[in-house]
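The values are calculated or read from the model by the stated rules, or taken from the named source; none is laboratory data. Fair warning: this is a prediction, and the values are worked out from it, not measured in the lab. Here the Cβ positions follow ideal geometry from the backbone for every residue, glycine too, while neighbour counts run over all protein chains shown.
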Amino acid sequence: MQRIAILAGALLLIATFWAAFLGPSLVMSSPAQEPNPPAQLQPRIYLPIVFGPSWPTLALTPIVSGLSLPVHITHAGDGSGRLFVVEQAGRIRIVKNGVLQATPFLDIASRVGCCDERGLLSVAFPSGYAQKRHFYVNYTDGAGNTVVARYALTANPDVADPNSEQVVLSVIQPYSNHNGGQLAFGPKDGYLYIGMGDGGSGGDPENRAQNPAELLGKMLRIDVETSSPVTYTVPAANPFLGTPAYRGEIWALGLRNPWRFAFDRLTGDLYIGDVGQNLYEEVDFQPASSAGGENYGWRLMEGFHCYNPANCQTTGLTLPIVEYDHGQGCSITGGVVYRGAQYSRMHGLYLYADYCNGSIWGLRRAGNVWQSRLLYDAPFTIATFGEDDTGESYVADHSGGVMYRITDTGTQ
């Protein structure tokens, strides 16, 4: 009996360990309301973790206000220190030295269909942008279709030429939602990655995400920097190039609406925040060593669960690294991997959020185990994260038009 009691005590200690290490935090106080003009938002205070490495204590410091529906934040990789903020209705704004510039970097509102899930949705700058002086955008046109286009600078490096458009790719959207919209250049290969939603409606009624002849519901990879006149080629190493019935542009498939994805600038790993249907939101992961071709499961799967059919087969599918149910939110906003130098506890942490309730989580890997923890509750809707030249991280209030810098107020 003594041995049984000792064993029971040991099991209780182990259970307590895992609950403290991996379980959800306990809320001790409520977040401060956002002042006007915005001041630093204070985080909710959570109980410390007893075991394992410490998590950061997040705070949000306002950088600029006065934005209109910000949906993307990025930098040009040119060492200028500028931040580029995409406004959904069709403008790109520059933040220089902490000041929002009055003149838009690009204004193509006359070409853009907005809003809801449509609009000007992202911008991407190729390697060597300072010399090339052109960049790429993803927007929904007046007919509701996805357009990926190249634009060029004027003589002023803070102003692009709205009449310089060269369309690279156009994809017909059958419904008004699930447009995806993210563009990003791969840090290792220099190719352009395009996140495409499944075309919309609900439940992917035409099963486009699993149809290899469709570009919808996929992650695409194309080469836009080596052809002239401007168009694109399919990289020779794309996983389905030359495979009958498959579009060669497909890099991965089985996505519902990859609204925001991000590469880890240090490792090249790819994180995809894929918006769920009715019950679950998910983060998908592709290591930098991948040769592509992953099938992330939609519409067979929603998160870790069968969706259609109810008794689906998971063989050959790549399941998420984390999910959360709709008791914790309703629409995931994929984030960024922190690689800045100022906050050591945030180093390598993937930050992501829920659009509806402002929850911000941190995700990290310890060996073969993924750990996700709620770190902050923002009192606003989060449509995007972003990072600057140095790897510092930012987040935007979609409806309030404020961009914040993410900091760690705890002991390093």
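How do the strands (runs of 3 or more DSSP E) wholly within region 364-411 filter down when requiring 1 or more residues that are of a type in the set (G, A, S): which remain?
369-377, 382-387, 393-397
Could you count how many residues in region 97-117 are closer than 17 Å to N156 by Cα and assigned to a loop (DSSP other than H, G, I, E, B)?
Going through region 97-117, the residues closer than 17 Å to N156 by Cα turn out to be 100-107.
Those still in the list that are assigned to a loop (DSSP other than H, G, I, E, B) too: 101-105.
Looking only at that region, the number is 5.
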- 2 or more residues farther than 30 Å from N308 by Cβ and in contact (Cβ under 8 Å) with a residue 12 or more places away in the chain: qualifying strands (runs of 3 or more DSSP E) within region 123-219: 134-140, 146-153, 160-171
- Query: Is at least one residue of region 78-94 more than 20 Å from the chain's Cα centre (by Cα), modelled with pLDDT under 95 and closer than 20 Å to I406 by Cβ?
  - Reply: no
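Select from region 341-358 the residues that are part of a loop (DSSP other than H, G, I, E, B) and touching a strand residue (DSSP E or B) at 6+ places or on another chain (Cβ under 7 Å) and write down the one among them that is surrounded by the fewest Cβ atoms within 10 Å (Cβ to Cβ).
Pass one, region 341-358, residues part of a loop (DSSP other than H, G, I, E, B): 341-343, 347-349, 355-358.
With touching a strand residue (DSSP E or B) at 6+ places or on another chain (Cβ under 7 Å) added as a condition, the list becomes 343, 348-349, 355, 358.
Values: Y343: 19, G348: 16, L349: 25, Y355: 22, G358: 20.
Checked region 341-358; the qualifying residue surrounded by the fewest Cβ atoms within 10 Å (Cβ to Cβ) is G348.
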- Give me the pairs: first residue in region 83-104 and touching a residue at least 60 places away in the same chain (Cβ under 8 Å), second residue surrounded by 15 or more Cβ atoms within 10 Å (Cβ to Cβ) and basic (K, R), beta-carbon distance under 7 Å, and six or more apart or on different chains, which are they? V85/R93; I94/R82; V95/R82; K96/R82
- Message: Given the condition surrounded by fewer than 19 Cβ atoms within 10 Å (Cβ to Cβ) and in contact with a Pro (Cβ under 8 Å, 6 or more places away or on another chain), answer yes or no: does some residue in region 167-188 qualify?
- Response: no
- Task: Determine if region 229-249 includes at least one residue that is more than 28 Å from A310 (Cβ to Cβ), in contact with a Leu (Cβ under 8 Å, 6 or more places away or on another chain) and outside any loop (DSSP other than H, G, I, E, B).
- Result: no
- Note on the structure: Across (1) among the hydrophobic types (A, V, I, L, M, F, W, C); (2) part of a strand (DSSP E or B); (3) over 26 Å from G98 (Cβ atoms); (4) touching a residue at least 40 places away in the same chain (Cβ under 8 Å), W361 clears everything bar (4)
- Message: Checking the condition at pLDDT 95 or above and out of contact with any helix residue (DSSP H, G or I) (no Cβ under 9 Å at 6 or more places or on another chain), which residue from S170, S228 passes?
- Response: S170
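Return the residues of region 276-297 that are closer than 24 Å to Y246 by Cα, in a loop (DSSP other than H, G, I, E, B) and free of Cβ contacts under 8 Å to residues at least 60 places away in the same chain; say none if nothing qualifies. Please lay out each step first, then the result.
Taking region 276-297 first, the residues closer than 24 Å to Y246 by Cα are 284-297.
Retained after the next criterion (residues that are in a loop (DSSP other than H, G, I, E, B)): 287-294, 296-297.
Within region 276-297, P287, S289, S290, A291, G293, E294, Y296, G297 qualify.
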